[in-house]
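All of the numbers you see were taken from the coordinates with simple rules; none came from a lab. Here the structure is a predicted model, which means the values were calculated and not measured. Positions of Cβ are backbone-derived with ideal geometry, glycine not excepted, and every protein chain shown enters the neighbour counts.
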Protein chains: 2
Amino acid sequence: MTDKKAVVLLSGGLDSATTLAVARSEGFACCALTFRYGQRHTCEVESAGRIAESLGAAQHRVIAIDLAAFGGSALTDKAIDVPKGKADLDDSSRIPSTYVPARNTIFLSYALAWAEVLGSFDIFIGVNSTDYSGYPDCRKEFIAAFEKTANLATAAAVEGKGRFRIHTPIINLTKAQIILTGTELGVDYSLTHSCYDPDEQGRSCGRCDSCRLRLKGFAAAGLKDPVRYTKDDESK
Amino acid sequence: MTDKKAVVLLSGGLDSATTLAVARSEGFACCALTFRYGQRHTCEVESAGRIAESLGAAQHRVIAIDLAAFGGSALTDKAIDVPKGKADLDDSSRIPSTYVPARNTIFLSYALAWAEVLGSFDIFIGVNSTDYSGYPDCRKEFIAAFEKTANLATAAAVEGKGRFRIHTPIINLTKAQIILTGTELGVDYSLTHSCYDPDEQGRSCGRCDSCRLRLKGFAAAGLKDPVRYTKDDESK
């Protein structure tokens, strides 16, 4: 363990929890950053706090940002329905309605600001190839372009104090590989939350894109997903 | 006048007011975007509203963002003094303490999000060569890198609906040229606010970097700055 700091974007989902565990395993003192961004539910933010504690983050900060002010996404705009069933997920030529305009650009910009203040040059983000079910800001080309921008944007980089690196440790992993990686590093996946549309008790719907990707991942990894699903309780 | 929309970053200062006037003169329906970001004073935000109205913006939105949460700048952190006198301004090798980490990256990211929702591909930002008294995120290289990132980050660009362009109409102008351009386009500079450290009545200090650049610009343009300065009233 070094005292080298990294800023880790932590949504409270499975991917970012695994990313935090990887950053810790690489010896970084992790400064976890979570956004409240007009989500319809706050389960994710609560999960993020539990995960940060459980994985020994050095700091955890929650920043409120008003993406809902612009609308345009099923995740922030009450006028757009969260898709259920296969249509959105299986048409890889389409960008899903759960896409939030410029979300990762905004998240990485804040991470960059905090990193600069902390004197850190390492930012971790849990984008991955499975997440790229049409999200343009989860691709390697985007991350590389942002990294270049970061190194031109900041006093720290321009003064030659270091070079920012955007780490994407799970970008090439399947959901199953992510789950196996995290399990090996001690991630407690019962603390994570993935569902776009949980019920009032915080139980996952099992039907939205995010639940379906997650369940498929656990099945492929040969493990049982420890979070509660509405349908589990209904089938009892 | 077309109905082609542009998002225009509007701080309430002289540069962004001029930029809005240029965007309007190019026929854009201007959607002005202002941030409250933990400034010590709100004069700028009030000025932005008056300027947006005066220059016929189609929309004006003010978004609160919490840059003060990270600290690290004299403009957002109460523990750091706003510099007065010549030291900061004249040493071009130093980045001033009024630099806000990753500010323009964050501002442009929000502008990008709003542009995508509006179906706009044009973003205007009033960075200029005079402003580059050490601010890395006011340089052409930074703007070019952000533009590239924008075109990889967004569904609108990836789906081929258009190509985002970051317009920097005043980037090559001196302060005097900016003032002359705006004057020709009907900008009422009495509505703008530049001072980093105004008094309780909103009068400018005349001594901070921003006041000094502004006063020098008006003098070089052969015009009188219409805003009120503390020292004007003191000298009466």
Prolate/oblate/rounded label for the stretch B:134-204 (Cα gyration tensor, a/c 1.5): prolate
Residue pairs, from the table A:Lys161/B:Lys175; A:Lys148/B:Lys140; A:Lys5/A:Lys224; A:Lys5/A:Lys216; A:Lys148/B:Lys5, whose Cα atoms sit over 22 Å apart: A:Lys161/B:Lys175; A:Lys5/A:Lys224; A:Lys5/A:Lys216; A:Lys148/B:Lys5
Residues A:Arg50 and A:Asn172, FRET efficiency given R0 of 30 Å [Cβ-Cβ distance, rounded to 0.05]: 0.65
Label-to-label distance, nm, for residues given as B:Asp66 and B:Ala219 (7 Å Cα→Cβ offset): 4.3 nm
At most 15 other Cβ within 10 Å, DSSP loop - GluC sites (Glu not before Pro), the stretch A:118-212: A:Glu159, A:Glu200
Burial order of peptide ranges B:171-180, A:56-65 (average beta-carbon count within 10 Å, highest first): B:171-180, A:56-65
Least to most buried among B:Asp137, B:Asp188 (fewest other Cβ within 10 Å first): B:Asp188, B:Asp137
